[in-house]
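Peer 1: Please find one structure pasted underneath; my questions will follow.
Since every read-out is calculated from the coordinates, none of them should be taken as a lab result. Since we're looking at a predicted model, the values are computed, not measured. Cβ placement follows ideal geometry from the backbone for every residue including glycine, while neighbour counts extend to all protein chains displayed.
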Amino acid sequence: MKIEIKNLYKIFGKSPKKVISLLQEGMNKEDILKKTGNSVGVNNANFQVNEGEFFVIMGLSGSGKSTLLRCLNRLIEPTSGEILIDGQDVLKCNEEELREIRRKKMAMVFQNFGLLPHRTVCKNVEFGLEIQGIDEKIRTEKAYKALELVGLKGYEEKMPHELSGGMQQRVGLARGLATEPEILLMDEAFSALDPLIRKDMQQEMIEIQSKMKKTIIFITHDLDEALRLGDRIAIMKDGVIEQIGTSEDILANPASEYVRKFTQDVDRTKVMTAGSIMQRTNVIISTKDGPKAAARAMEEQGISSIYVTDKDRILQGIVKIDDAIESYKKGEKDISDIIIKEVAVTSPETSIAELLPIAKDISYPIAVVDKENKMLGIIKRSTIIAGIIGEEECR
Ligand SMILES: Nc1ncnc2c1ncn2[C@@H]1O[C@H](COP(=O)(O)OP(=O)(O)OP(=O)(O)O)[C@@H](O)[C@H]1O
Ligand SMILES: [Mg+2]
């Protein structure tokens, strides 16, 4: 685990310790502001971020996202709690250790780029390396490399004002990457970009991350951005982390009304996957079963077709009830002749959007199989529809 946050509080105001007791007694942020004049920034945050994880923080304006992020490198001094980075408690670091962490371990990328107007693009990217006292030649090499990574090869010697907003944001990102930090902290880094450029930047970020595998904490207001980028998403309200989970967790099981409101406009069909909505089923038969057993199994379950697997649960096909009954009447002992081998299968990673056209054309549930064709579960058409409208399936 890369980062671990325990019982973290940040109170802005004159009586932070008192406010923490009030919070622990259950008083809310609004009443605390009225009663004490203190602002609750972060209220008892507890979470972990794994190495190489893309961790997104979301929430309405004022919910404490930036405060939480800035506590990590102590740009904001937390009121209490623990922040462990690679096991080292940042709150116990002295000035020197802290400077080391800020320069080498973490880099911050901001919304307003923070570029220096009188320096070339390259010199802007070199900035962090210069502070580290790195030799000019190596500095320039690293800056060129970082600029290439963000797609700005050829722009190294331009001035910031010669670049578009999106390109300036890339320079900001390159500057963050140039020091080769293990952790990137990104506060609304893409918010100032217009929607199309923003989509490009998101794609770029996905590609960069697949190469670099940094640990990234990324703040955004935009749920679509969060869903696209985040391995996990934390949703904050009034300084509290209301829920942490993968996009699917959050869409399928919102922990509160606030989270549900956030997610209600999302196109679930693109996020929810076959694996998250499938039912693990034991209603399958084995190639060893005869037509009578097959017919009986379907009868008992009130279904008209049944999947057949071998003893290792490798999918063999499907048998229809009419075929099973006919075969039994003919005195057949074995179902091998009536197994229909061409069936609709899908992988657990497939999105519901891709399942819909398959489900439309078949009268039986879709089989979910792994790479070895092992049967993982089934998806009924009613389950797909329930997944889309975001409700528990009605039975
Ligand atoms: N320097 C400060 N002094 C006093 N209160 C502050 C300070 N910084 C933040 N706050 C308060 O802390 C709370 C959280 O603010 P924060 O900036 O972390 O929110 P945010 O989620 O980043 O919002 P936004 O989406 O608008 O950037 C707010 O109530 C804010 O008023
Ligand atoms: Mg903010």
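Peer 1: Around GLU162, under 13 Å between beta carbons, what's the net of Lys plus Arg minus Asp minus Glu among the other residues?
Peer 2: Taking every other residue near GLU162 into account, the sum is 0.
Peer 1: Give me ILE339, ILE318 ranked fewest to most by other Cβ atoms within 10 Å of their Cβ, as a rough exposure proxy.
Peer 2: ILE339, ILE318
Peer 1: Hey, another quick one. Residue by residue through segment 29-42, which ³J(HN,Hα) values in whole Hz follow from phi under the Karplus form 6.51 cos²θ - 1.76 cosθ + 1.60 (θ = phi - 60°), with glycine and proline marked x?
Peer 2: 4, 5, 5, 5, 4, 5, 6, 10, x, 8, 9, 7, x, 10
Peer 1: List the relative contact order of segment 1-89 as a percent without decimals, with contacts defined as Cα pairs under 8 Å and 6+ residues apart.
Peer 2: Contact order relative to length: 48 percent.
Peer 1: Okay, next question. Which net charge results for the neighbourhood of ALA353, defined as the other residues with beta-carbon distances under 11 angstrom from its beta-carbon, given Lys and Arg at +1 and Asp and Glu at -1?
Peer 2: Local charge sum for ALA353: 0.
Peer 1: Using modelled amide H (1.01 Å from N, peptide plane; none on Pro or chain starts), what sits under 5 Å from the amide H of ILE285, excluding residues fewer than 5 places away?
Peer 2: TYR307, VAL308, THR309
Peer 1: While we're here: Could you list which residues have their amide H under 5 Å from that of LEU376, counting only those 5 or more apart in sequence or on another chain, with H placed in the peptide plane?
Peer 2: Close amide H contacts, sequence-distant or interchain: VAL368, VAL369, ASP370.
Peer 1: Angle check, please: helix 136-149 long axis (alpha carbons) against the longest principal axis of the chain (alpha carbons), in degrees 0 to 90, nearest 10.
Peer 2: Approximately 30 degrees, to the nearest 10.
Peer 1: Another question, if that's okay. Per-residue HN-Hα couplings for segment 85-90, Karplus 6.51 cos²θ - 1.76 cosθ + 1.60 at θ = phi - 60°, whole Hz, x for Gly and Pro?
Peer 2: In residue order, the calculated couplings are 10, 6, x, 8, 7, 4 Hz.
Peer 1: I would also like to ask the following. What's the extension gain from LYS34 to GLU349 if we count 0.36 nm per residue and subtract their Cα-Cα distance?
Peer 2: 108.5 nm
Peer 1: Which ³J(HN,Hα) values, rounded to whole Hz and listed in residue order, are derived for segment 91-101 from phi using the Karplus coefficients 6.51, -1.76 and 1.60 in 6.51 cos²θ - 1.76 cosθ + 1.60 with θ = phi - 60°, glycine and proline given as x?
Peer 2: Going residue by residue, I get 6, 9, 6, 7, 3, 4, 5, 5, 4, 4, 4 Hz, with x marking Gly and Pro.
Peer 1: Report the full-extension gain for the segment ASN46 to LEU75: residue separation times 0.36 nm, less the Cα-Cα distance, to one decimal in nm.
Peer 2: 8.5 nm is the gain from fully extending ASN46 to LEU75.
Peer 1: With a cut-off of 8 Å between alpha carbons and a minimum separation of six or more residues, what is the relative contact order of the chain in percent?
Peer 2: 15 percent
Peer 1: If I fit a long axis through the Cα atoms of helix 165-178 and take the longest principal axis of the Cα atoms of the chain, what angle between them do I get, 0 to 90°, rounded to 10?
Peer 2: 80 degrees
Peer 1: Would you pull out the residues with amide H under 5 Å of GLU242's amide H, same chain only if 5 or more places away, H placed 1.01 Å from N?
Peer 2: Placed amide hydrogens put ILE235, MET236, LYS237 under 5 Å from GLU242.
Peer 1: Right, something else. List the residues of segment 287-322 whose backbone N lies under 16 Å from a point placed 7 Å from the Cα of ASN373 along the Cα-to-Cβ direction.
Peer 2: Only 287-288, 307-319 pass the distance filter.
Peer 1: Please rank VAL19, VAL109, fewest neighbouring Cβ atoms within 10 Å first, as an exposure proxy.
Peer 2: Fewest to most other Cβ atoms nearby, the residues stand as VAL109, VAL19.
Peer 1: Any chance you could run the full-extension gain for GLU207 through PHE12? It's 0.36 nm times the residue separation minus the Cα-Cα distance, nm to one decimal.
Peer 2: Using 0.36 nm per residue and subtracting the Cα-Cα distance, I get 66.4 nm.
Peer 1: Can you put GLU148, GLU136, GLU248, GLU25 in order of Cβ neighbours within 10 angstrom, beginning with the fewest?
Peer 2: Starting with the residue having the fewest Cβ neighbours, the order is GLU25, GLU136, GLU148, GLU248.
Peer 1: For GLU225, what charge total do you get from the other residues with a beta carbon under 15 Å from its beta carbon, if Lys and Arg give +1 and Asp and Glu give -1?
Peer 2: -4
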